Amino acid sequence: MFKRSCALAAALWFGCVPARAQDTPPAPSAPAVLPSEPATAPLPHLPAGTVVHIKLLKPLSSKTNKRGDTFEIELAEPIVAAEGVLVPAGATGRGEVISASHKGMGGQAGELVLAARYIDFGSQRIPLRAFKMSGTGGDATNGMNWCKAIFVYCSNGASELEIPAGFAADAKLAADLSLPVVAPAPVQDQPAEDK
(Lines give C-alpha, C1' and ligand atoms only; values in the text may rest on other atoms or scores of the structure.)
Protein backbone atom coordinates (compact mmCIF):
# COMPACT_ATOMS: atom_id res chain seq x y z
CA MET A 1 0.00 0.00 0.00
CA PHE A 2 2.80 2.37 0.90
CA LYS A 3 4.64 1.59 -2.33
CA ARG A 4 1.49 2.19 -4.39
CA SER A 5 0.95 5.57 -2.65
CA CYS A 6 4.53 6.60 -3.29
CA ALA A 7 4.26 5.59 -6.93
CA LEU A 8 1.06 7.54 -7.32
CA ALA A 9 2.54 10.62 -5.63
CA ALA A 10 5.61 10.43 -7.86
CA ALA A 11 3.47 10.18 -10.95
CA LEU A 12 1.42 13.19 -9.90
CA TRP A 13 4.57 15.21 -9.13
CA PHE A 14 6.22 14.43 -12.44
CA GLY A 15 2.97 15.21 -14.23
CA CYS A 16 3.00 18.73 -12.74
CA VAL A 17 6.58 19.46 -13.78
CA PRO A 18 6.61 21.33 -17.12
CA ALA A 19 8.49 19.81 -19.99
CA ARG A 20 12.13 20.85 -20.27
CA ALA A 21 11.54 22.37 -23.68
CA GLN A 22 9.08 24.72 -22.09
CA ASP A 23 11.59 25.90 -19.47
CA THR A 24 13.38 28.15 -22.00
CA PRO A 25 11.49 31.18 -23.37
CA PRO A 26 10.91 31.22 -27.12
CA ALA A 27 13.47 33.10 -29.18
CA PRO A 28 12.22 36.58 -30.14
CA SER A 29 11.05 36.72 -33.70
CA ALA A 30 12.88 39.06 -36.07
CA PRO A 31 11.05 42.38 -36.54
CA ALA A 32 9.11 42.61 -39.76
CA VAL A 33 11.05 44.54 -42.39
CA LEU A 34 8.78 47.08 -44.06
CA PRO A 35 9.59 48.03 -47.65
CA SER A 36 11.20 51.43 -47.72
CA GLU A 37 9.37 54.16 -49.65
CA PRO A 38 11.18 55.40 -52.74
CA ALA A 39 12.90 58.74 -52.29
CA THR A 40 10.84 61.58 -53.72
CA ALA A 41 12.70 63.55 -56.36
CA PRO A 42 12.76 67.32 -55.77
CA LEU A 43 10.45 69.41 -57.92
CA PRO A 44 11.96 71.40 -60.78
CA HIS A 45 12.99 74.84 -59.57
CA LEU A 46 13.28 78.32 -61.10
CA PRO A 47 14.77 81.19 -59.11
CA ALA A 48 13.15 84.55 -58.49
CA GLY A 49 14.04 86.96 -61.28
CA THR A 50 13.46 84.45 -64.09
CA VAL A 51 11.96 86.29 -67.06
CA VAL A 52 8.49 85.25 -68.24
CA HIS A 53 6.82 86.44 -71.44
CA ILE A 54 3.29 87.81 -71.22
CA LYS A 55 0.82 89.81 -73.28
CA LEU A 56 -2.10 92.12 -72.56
CA LEU A 57 -5.54 90.67 -73.26
CA LYS A 58 -7.39 94.00 -73.33
CA PRO A 59 -6.36 97.49 -74.44
CA LEU A 60 -5.26 100.10 -71.93
CA SER A 61 -5.61 103.86 -72.26
CA SER A 62 -4.45 106.84 -70.27
CA LYS A 63 -7.83 108.36 -71.12
CA THR A 64 -10.06 105.66 -69.67
CA ASN A 65 -7.94 103.75 -67.17
CA LYS A 66 -7.29 105.01 -63.66
CA ARG A 67 -5.19 104.11 -60.66
CA GLY A 68 -6.20 100.80 -59.12
CA ASP A 69 -7.66 99.33 -62.29
CA THR A 70 -6.60 95.78 -62.96
CA PHE A 71 -6.13 94.23 -66.37
CA GLU A 72 -5.84 90.68 -67.64
CA ILE A 73 -2.55 89.26 -68.80
CA GLU A 74 -1.67 85.92 -70.34
CA LEU A 75 1.48 83.85 -70.66
CA ALA A 76 2.60 84.27 -74.24
CA GLU A 77 5.16 81.48 -73.81
CA PRO A 78 5.32 78.61 -71.31
CA ILE A 79 7.42 78.86 -68.18
CA VAL A 80 10.09 76.23 -68.75
CA ALA A 81 12.72 74.66 -66.49
CA ALA A 82 15.46 72.28 -67.61
CA GLU A 83 13.17 69.33 -66.82
CA GLY A 84 10.23 70.58 -68.90
CA VAL A 85 7.23 72.91 -68.91
CA LEU A 86 6.07 74.05 -65.47
CA VAL A 87 3.30 76.44 -66.57
CA PRO A 88 1.81 76.24 -70.08
CA ALA A 89 1.28 79.20 -72.38
CA GLY A 90 -2.21 80.63 -72.07
CA ALA A 91 -2.30 80.71 -68.25
CA THR A 92 -3.86 84.02 -67.22
CA GLY A 93 -3.29 86.51 -64.44
CA ARG A 94 -3.61 90.16 -63.57
CA GLY A 95 -1.70 93.41 -63.79
CA GLU A 96 -2.52 96.71 -62.11
CA VAL A 97 -2.56 100.35 -63.14
CA ILE A 98 -0.41 102.13 -60.56
CA SER A 99 -0.97 105.57 -62.04
CA ALA A 100 -2.68 107.08 -65.07
CA SER A 101 -2.36 110.64 -66.34
CA HIS A 102 -4.41 112.20 -69.11
CA LYS A 103 -2.78 114.36 -71.74
CA GLY A 104 -2.37 117.86 -70.43
CA MET A 105 -1.80 121.44 -71.44
CA GLY A 106 1.61 122.45 -72.70
CA GLY A 107 2.30 119.23 -74.53
CA GLN A 108 2.08 116.89 -71.55
CA ALA A 109 1.56 113.38 -72.89
CA GLY A 110 -0.70 110.72 -71.48
CA GLU A 111 1.06 108.32 -69.14
CA LEU A 112 0.43 104.91 -67.59
CA VAL A 113 2.38 103.30 -64.78
CA LEU A 114 1.75 99.55 -64.89
CA ALA A 115 2.65 96.57 -62.72
CA ALA A 116 2.43 92.85 -63.46
CA ARG A 117 1.01 91.15 -60.37
CA TYR A 118 0.57 87.40 -60.87
CA ILE A 119 -0.23 84.43 -63.06
CA ASP A 120 -2.72 81.78 -61.90
CA PHE A 121 -2.14 78.12 -62.70
CA GLY A 122 -4.42 75.60 -61.03
CA SER A 123 -4.33 76.36 -57.31
CA GLN A 124 -0.95 78.10 -57.62
CA ARG A 125 -0.68 81.89 -57.74
CA ILE A 126 2.67 82.89 -59.19
CA PRO A 127 3.69 86.44 -58.18
CA LEU A 128 5.35 88.66 -60.79
CA ARG A 129 7.37 91.86 -60.72
CA ALA A 130 9.47 94.10 -62.97
CA PHE A 131 7.02 94.69 -65.81
CA LYS A 132 8.57 95.70 -69.13
CA MET A 133 6.96 96.34 -72.49
CA SER A 134 8.87 94.48 -75.15
CA GLY A 135 7.02 95.24 -78.37
CA THR A 136 5.96 98.22 -80.40
CA GLY A 137 2.54 99.70 -80.93
CA GLY A 138 0.40 102.75 -80.40
CA ASP A 139 2.38 105.89 -79.68
CA ALA A 140 4.39 104.35 -76.86
CA THR A 141 8.09 103.83 -77.36
CA ASN A 142 9.72 105.53 -74.37
CA GLY A 143 10.98 104.19 -71.07
CA MET A 144 11.48 100.57 -72.04
CA ASN A 145 13.70 99.68 -69.08
CA TRP A 146 13.39 97.25 -66.22
CA CYS A 147 12.12 98.76 -63.01
CA LYS A 148 12.05 97.18 -59.58
CA ALA A 149 8.29 96.77 -59.54
CA ILE A 150 6.64 98.88 -62.21
CA PHE A 151 7.03 100.16 -65.73
CA VAL A 152 6.33 103.73 -66.82
CA TYR A 153 4.94 103.90 -70.32
CA CYS A 154 4.56 107.30 -71.99
CA SER A 155 3.39 108.45 -75.37
CA ASN A 156 5.80 110.46 -77.50
CA GLY A 157 3.42 113.25 -78.40
CA ALA A 158 0.81 115.36 -76.61
CA SER A 159 -1.82 112.66 -76.91
CA GLU A 160 -3.48 109.98 -74.86
CA LEU A 161 -1.58 106.75 -74.54
CA GLU A 162 -3.27 103.75 -76.13
CA ILE A 163 -1.84 100.26 -75.62
CA PRO A 164 -3.58 97.66 -77.79
CA ALA A 165 -4.65 94.17 -76.75
CA GLY A 166 -2.02 91.59 -77.55
CA PHE A 167 0.83 93.94 -76.74
CA ALA A 168 3.89 91.91 -75.70
CA ALA A 169 5.57 92.43 -72.35
CA ASP A 170 8.01 90.73 -70.03
CA ALA A 171 7.88 90.24 -66.28
CA LYS A 172 10.01 88.45 -63.73
CA LEU A 173 9.16 85.87 -61.10
CA ALA A 174 8.87 87.65 -57.76
CA ALA A 175 9.66 84.44 -55.81
CA ASP A 176 11.29 81.07 -56.40
CA LEU A 177 9.03 78.67 -58.28
CA SER A 178 8.88 74.90 -57.75
CA LEU A 179 6.23 72.95 -59.67
CA PRO A 180 5.90 69.51 -61.27
CA VAL A 181 6.48 69.19 -65.00
CA VAL A 182 3.24 69.26 -67.02
CA ALA A 183 4.74 68.73 -70.48
CA PRO A 184 8.10 68.12 -72.16
CA ALA A 185 10.19 71.16 -72.92
CA PRO A 186 9.40 72.56 -76.39
CA VAL A 187 11.91 71.65 -79.06
CA GLN A 188 13.85 74.71 -80.14
CA ASP A 189 14.45 75.25 -83.81
CA GLN A 190 17.99 74.48 -84.85
CA PRO A 191 19.72 76.97 -87.15
CA ALA A 192 20.02 75.71 -90.69
CA GLU A 193 23.49 74.50 -91.60
CA ASP A 194 25.34 76.30 -94.36
CA LYS A 195 25.81 74.14 -97.41
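Summary of computed values
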| item | result |
| --- | --- |
| Matching residues in segment 57-85 - criterion: being within 17 Å of ASP170 (Cα to Cα) and of a type in the set (D, E, K, R) | LYS58, GLU72, GLU74, GLU77 |
| Output for segment 74-90, where each listed residue is hydrophobic (A, V, I, L, M, F, W, C) and touching a Leu at 6+ places or on another chain (Cβ under 6 Å) | ILE79, ALA81, LEU86, ALA89 |
| Matching option when the condition is touching a residue at least 24 places away in the same chain (Cβ under 8 Å), at negative phi and not small (Gly, Ala, Ser), among THR92, THR64 | THR92 |
| Qualifying strands (runs of 3 or more DSSP E) (wholly inside segment 87-155; at least 1 residues being at pLDDT below 85, within 25 Å of the chain's Cα centre (by Cα) and within 14 Å of GLU74 (Cα to Cα)) | 124-133 |
| Selection count where residues are surrounded by 14 or more Cβ atoms within 10 Å (Cβ to Cβ) and at pLDDT below 90, scope segment 27-59 | 0 |
| Of all residues making up segment 69-81, the number that are in a loop (DSSP other than H, G, I, E, B) and either among the acidic types (Asp, Glu) or modelled with pLDDT under 95 (or both) | 2 |
| Answer residue from segment 181-195, given it is surrounded by fewer than 10 Cβ atoms within 10 Å (Cβ to Cβ) and within 19 Å of ALA82 (Cβ to Cβ) and is modelled with the highest pLDDT among those | VAL187 |
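The values are calculated or read from the model by the stated rules, or taken from the named source; none is laboratory data. Please read all numbers here as calculations on a predicted model, not as lab measurements. Methodologically, a virtual Cβ is constructed for each residue, glycine included, from the backbone with ideal geometry; neighbour enumeration extends over all protein chains shown.
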